[in-house]
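First up is the structure itself, then whatever we jot down about it.
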């Protein structure tokens with residue numbers, strides 16, 4: 001396993017991060033613990049959770065990914081050497097059950113972090129991320145930006161000052177953002193410099209062979225400003241494994257269980273996925289591992305967040321870290337991409 005610097009910090013994290021959004025929904029607590037054990041044994045040192053997980057979010061399961069990691073920590077007494085990344089939920093009407101409605105105010109961020117620490121059974125969070133912006137902007141698959149003059153909500157400066165208070169108190173080590181835009185990255189950096197506030201060290205956005213929109217405006221920001229990408233959905237909800245091709249719906253698979261995950265199921269997505277699967281097979285490579293290796297070796301990626309519902313899947317995904325895609329394969333991938341760019345933004 002290779003390790004990469006987390007922004008301008010003294011932390012190095014594994015090029016693969018263990019994701020958790022299935023824990024508490026598709027995976028039991030015992031299965032989550034088995035995944036953690038396997039990941040750590042393979043050299044993964046970063047585990048990503050969130051206060052709103054698992055997904056799809058529900059009041060009765062909210063916070064379980066943090067709680068499952070917390071029970072593992074309590075049982076194993078192994079906090080040193082593990083980089084815990086968690087997130088505070090952005091605003092959405094559907095989260096009326098969480099803090100009476102989620103906002104990124106100073107009070108709510110402090111409250112959310114303290115609740116996360118209790119579930120995690122630890123004194124500090126290594127990387128605390130803003131799950132999505134307070135303002136109205138284009139994220140979660142929305143490409144076009146529709147400006148609204150009164151769309152800012154809680155100022156980013158207030159959010160940053162709350163993060164600063166958490167860092168000063170020792171409850172958080174570093175901060176990051178998620179589902180952000182180039183303007184958002186720039187504004188966080190500008191405000192941190194102008195007001196001597198903590199600097200963001202990472203951004204967690206979707207990135208995969210079916211959705212390479214990150215390359216358009218954010219890849220350069222990541223490289224030039226040392227705000228690397230923690231890539232989520234690298235397999236496009238498992239679509240890039242090929243298991244859903246030709247209408248297949250495997251038992252207990254995410255797209256089989258939950259209708260809400262339609263982002264990667266269009267006819268264009270099907271055609272592109274089939275082309276990538278055929279390419280992998282032509283090179284005698286596992287399609288999932290090819291898709292993951294492509295993400296991991298991008299120069300703007302700090303870590304690739306992998307997830308799984310079975311240990312066999314997790315083992316297969318971890319093994320992708322041993323692959324290096326040849327120039328010939330990268331050229332072939334680019335040809336498929338250019339024939340149908342970003343079918344699932």
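Taken together, the values in this text are just the output of simple stated rules run on the coordinates, not laboratory data. Every value quoted in this text rests on a predicted model; they were computed, and no experiment measured them. Virtual Cβ from ideal backbone geometry, glycine too; neighbours counted across all protein chains shown.
Going highest first, how would you order 334-344, 147-157, 68-78 by mean Cβ packing within 10 Å?
By packing density, highest mean first, the sequence is 68-78, 334-344, 147-157.
Could you calculate the FRET efficiency of residue 79 with residue 339 from 1/(1 + (r/R0)^6), where r is the beta carbon distance between them and R0 is 51 Å, rounded to 0.05?
0.60
Could you work out how far apart the two model spin labels at residue 1 and residue 38 are, taking each label as a point 7 Å from the Cα in the direction of the beta carbon, and quote it in nm?
Spacing of the two 7 Å Cα→Cβ label points: 1.4 nm.
Expected output is a single nm value to one decimal: the length gained when fully extending between residue 328 and residue 215, i.e. 0.36 nm times separation in residues minus the C-alpha distance. What is it?
38.6 nm
If the viscosity is 1.002 mPa s and the temperature 20 °C, what Stokes-Einstein diffusion coefficient in µm²/s follows for segment 3-204 when Rh is the Kirkwood radius over Cα pairs?
D = 124 µm²/s.
If you project the alpha carbons of segment 240-330 onto the principal axes, what extent comes out on each, in Å, largest first?
The Cα atoms of segment 240-330 stretch 35, 27, 25 Å along their principal axes.
Can you give the FRET efficiency for residue 139 and residue 97, using 1/(1 + (r/R0)^6), R0 = 25 Å, r = Cβ-Cβ distance, to the nearest 0.05?
0.65
Calculate how steeply helix 156-168 sits against the longest principal axis of the alpha-carbon atoms of the chain, using the helix alpha-carbon long axis, and give the answer as 0 to 90 degrees to the nearest 10.
Long axis of 156-168 versus the principal axis of the chain: about 80 degrees.
Once you wrap a convex hull around the alpha carbon atoms of segment 170-311, what is its projected area averaged over all directions, in nm²?
10.7 nm²
Have a look at segment 167-249 and give its Rg and Dmax from the Cα atoms, expressed in angstrom.
Rg, Dmax (Cα atoms, Å): 16.3, 54.
Please list the equivalent ellipsoid semi-axes of segment 1-73, computed as the square roots of five times the alpha-carbon gyration tensor eigenvalues, in descending order and whole angstrom.
Equivalent ellipsoid of segment 1-73: 24, 14, 9 Å, largest first.
For the chain, calculate the relative contact order in percent as a whole number, restricting contacts to Cα pairs under 8 Å that are 6 or more residues apart.
18 percent
Where does the chain land on Rg/Rh, using Cα atoms and the Kirkwood Rh?
0.94
In percent, what relative contact order does segment 260-334 have, based on Cα pairs under 8 Å that are 6 or more apart in sequence?
Averaging sequence separation for qualifying contacts and normalising by length gives 31 percent for segment 260-334.
So what's the angle, to the nearest 10 degrees on a 0 to 90 scale, between helix 29-41 and the longest Cα principal axis of the chain?
It works out to around 80 degrees.
Within 10 Å of each residue's Cβ, count the other Cβ atoms and sort 87, 171, 118 from fewest upward.
By the 10 Å Cβ count, ascending, the order reads 118, 171, 87.
How large is the helix-only mean residue ellipticity at 222 nm for the chain, computed as the sum of -39500 (n - 2.57) over DSSP H runs with n ≥ 4, divided by its residue count, in deg cm²/dmol to the nearest 500?
-11500 deg cm²/dmol, from helical runs alone.
Over all Cα pairs of segment 118-157, how is the pair count split among 10 Å bins, expressed in % and running from 0 up to the last occupied bin?
Computed distribution, short to long bins: 22, 36, 24, 16, 2.
Given contacts defined as C-alpha pairs under 8 Å and at least six residues apart, what's the relative contact order of segment 3-204, whole-number percent?
Averaging sequence separation for qualifying contacts and normalising by length gives 17 percent for segment 3-204.
If one takes the longest principal axis of the Cα atoms in the chain, at what angle in degrees, from 0 to 90 and to the nearest 10, does the Cα axis of helix 287-296 lie?
The angle comes out at about 40 degrees.
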